[in-house]
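What follows is a single structure, written as structure tokens, with notes after it.
The values are calculated or read from the model by the stated rules, or taken from the named source; none is laboratory data. No experiment lies behind these values; they were computed from the predicted model shown. All Cβ positions, even for glycine, are placed from backbone atoms using ideal geometry, and neighbour counts span all protein chains on display.
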Amino acid sequence: MQDRLACPNCFSIQLHKSGIEHGKQRYRCKRCKSRTVFPLREAELEVVRENVRYKKQQQKAQDINRVERKAFREFARIENAVVEYSKELKQLFENYKLHTETKKHRGGSKAVGVIQFSDVHFNELVDIQGNKYDFEVASKRCKYFVSQAKKYFKMAKIKSIVVAFTGDLLNSDRRLDELLNQATNRAKATFLSVDIMQQVLMDLNQDFNVSVASVVGNEGRANKELGWSDAVATDNYDYTIYNCLRYLFKDSNITFIDGDPSELVVNVAGQNLLMLHGHGGLRGGIEKAINQIMGRYSIKGINIDYAIFGHVHSARVGDNYGRSSSMVGANDYSEKALNLTGRASQNCYVFYENGNRDGIKIDLQNTDCEGYKIDKELEAYNAKSAHKTNKHETIIKIVVWLLLFSVNVLCASQRIKMIDTLKTTTAGTGAMIVTWMEWLPVAVRVLVGVATFFYICVKIYKLLEK
């Protein structure tokens, strides 16, 4: 009995002849409508099916192994980065001893002060017209902020204050390769942040009893995803800095307030103060969003009197909320991408037992005072510092100057006409002046430098031929 033919595409045996193609009989499948000149024989059909089934199983096993290997690599990278970060941070605390002697101030007051640190972004580097920011500038602005806030607190005869960290004390690199390669940088940035903030706390403690409360921000998260549960929210550099300070002052007179790392309610002079960063439920109209959050808490039996937050780098003091700006001020992103200008500022508040409250915005854009002490070696951690990116330009200038000097020597030795020597010298000097014009685009300066380099090389070659 002759074997029936099957379709190689769907394995159907419902084939019928459909003309000739290149001298071979062509068949058309009634089921899938495909045409072929290489049909399968029915006897071969089971072998083909088994082979396809085997290939599918093989591919499935390969996909499972690939997913498992990828998951393991991701986990191993994160674990390695965290281990290196922890080692470096531990080493820094062992090498640099921080002072934590505090005072206890007696006496009561009918008012409590709140000094808010929001969107400090300690490790951000800004160098634009009208604003510069690095650790040194941050230390100056922090000290000026504390000194100005003290004046308002002393006028209200305050004895106790709350230091409120409302997120984004530090920026982070959330890509795994950057996190792994720059673990040391993150550790040094964390340590410098802790060092500055512990000086802030000690400075305030000279005049007031200090309590510290903290919530985390979105820029300080260590992982890619932004989470709201306690387990995910605490995977954050803001939380690390807060707990480093808590450990440093564990046997001191400074009190640290526990609570939800995303939203925290603190009782200040009999008023419930809600602390949050501002990147979650505060979208759209601020007034409406604040009232909705207060309604959510009222269902739980908690009446919120006032809320403080940051996030958008724009200061505003309202009747039932206070929004702090950034310690950084304007940067390239805010000016060029968002078309916004900003100033560095922070807020402080005075809460009274009778229910009144005052909110003050303190401008920090221009500070003439000395900053808190920071270690210069640790501050130089940033691999993208300006002096490092400009080294290649200095080398090019030195090479061109040496070549220019060589041309003059050869001209003198070969007794070339003075006019040729002056031409070469003028061309080389003019080009070097252009390369030093900082206001010109880098591409133009580089092209001028390269052209001058080749011009002088050709000049030397012609002189040597004579």
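Computed quantities for the displayed model
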{"read-out": "Matching residues in the stretch 247-273 - criterion: being modelled with pLDDT of 90 or more, surrounded by fewer than 22 Cβ atoms within 10 Å (Cβ to Cβ) and not in a loop (DSSP other than H, G, I, E, B)", "value": "Thr255, Phe256, Glu263, Leu264, Val265, Val266, Asn267, Gln271, Asn272"}
{"read-out": "When residues of the stretch 76-131 are limited to those that are polar (S, T, N, Q), at pLDDT 70 or above and not in a helix (DSSP H, G or I), the one surrounded by the fewest Cβ atoms within 10 Å (Cβ to Cβ)", "value": "Gln129"}
{"read-out": "Residue match in the stretch 286-299 (condition: in a loop (DSSP other than H, G, I, E, B), at pLDDT below 95 and over 30 Å from Gly371 (Cα atoms))", "value": "no"}
{"read-out": "Evaluation of Leu340 against (1) of a type in the set (A, V, I, L, M, F, W, C); (2) at pLDDT below 95; (3) within 28 Å of Ser160 (Cα to Cα) (one fails), failing number", "value": "(3)"}
{"read-out": "Cβ pairs under 8 Å, 6+ apart, first in the stretch 12-30 and of a type in the set (Gly, Ala, Ser), second in a loop (DSSP other than H, G, I, E, B)", "value": "Ser12/Lys30; Ser12/Arg31; Ser12/Cys32"}
{"read-out": "Filtered residues of the stretch 1-48 (kept if at pLDDT 85 or above and at positive phi)", "value": "Gly19, His22, Gly23, Lys33"}
{"read-out": "Residue check, Thr421 modelled with pLDDT of 55 or more and not assigned by TED's automatic domain parsing to the domain that holds His277", "value": "yes"}
{"read-out": "Odd one out for Ile302 among (1) out of contact with any strand residue (DSSP E or B) (no Cβ under 7 Å at 6 or more places or on another chain); (2) surrounded by fewer than 18 Cβ atoms within 10 Å (Cβ to Cβ); (3) of a type in the set (A, V, I, L, M)", "value": "(1)"}
{"read-out": "Hey, Glu335 at pLDDT below 95, surrounded by fewer than 24 Cβ atoms within 10 Å (Cβ to Cβ), under 26 Å from Met155 (Cα atoms) and not aliphatic (A, V, I, L, M) or not", "value": "no"}
{"read-out": "Residues (under 21 Å from the mean Cα position of the chain (by Cα) and of a type in the set (D, E, K, R)) located in the stretch 127-155", "value": "Asp127, Lys132, Asp134, Glu136, Arg141"}
{"read-out": "Candidates Val200, Val163, Val210, Val215, filtered to the one that is at pLDDT 90 or above, over 20 Å from Ser139 (Cα atoms), buried (at least 20 other Cβ atoms within 10 Å of the Cβ) and in the same structural domain as Cys244 (by TED's automatic domain parsing)", "value": "Val215"}
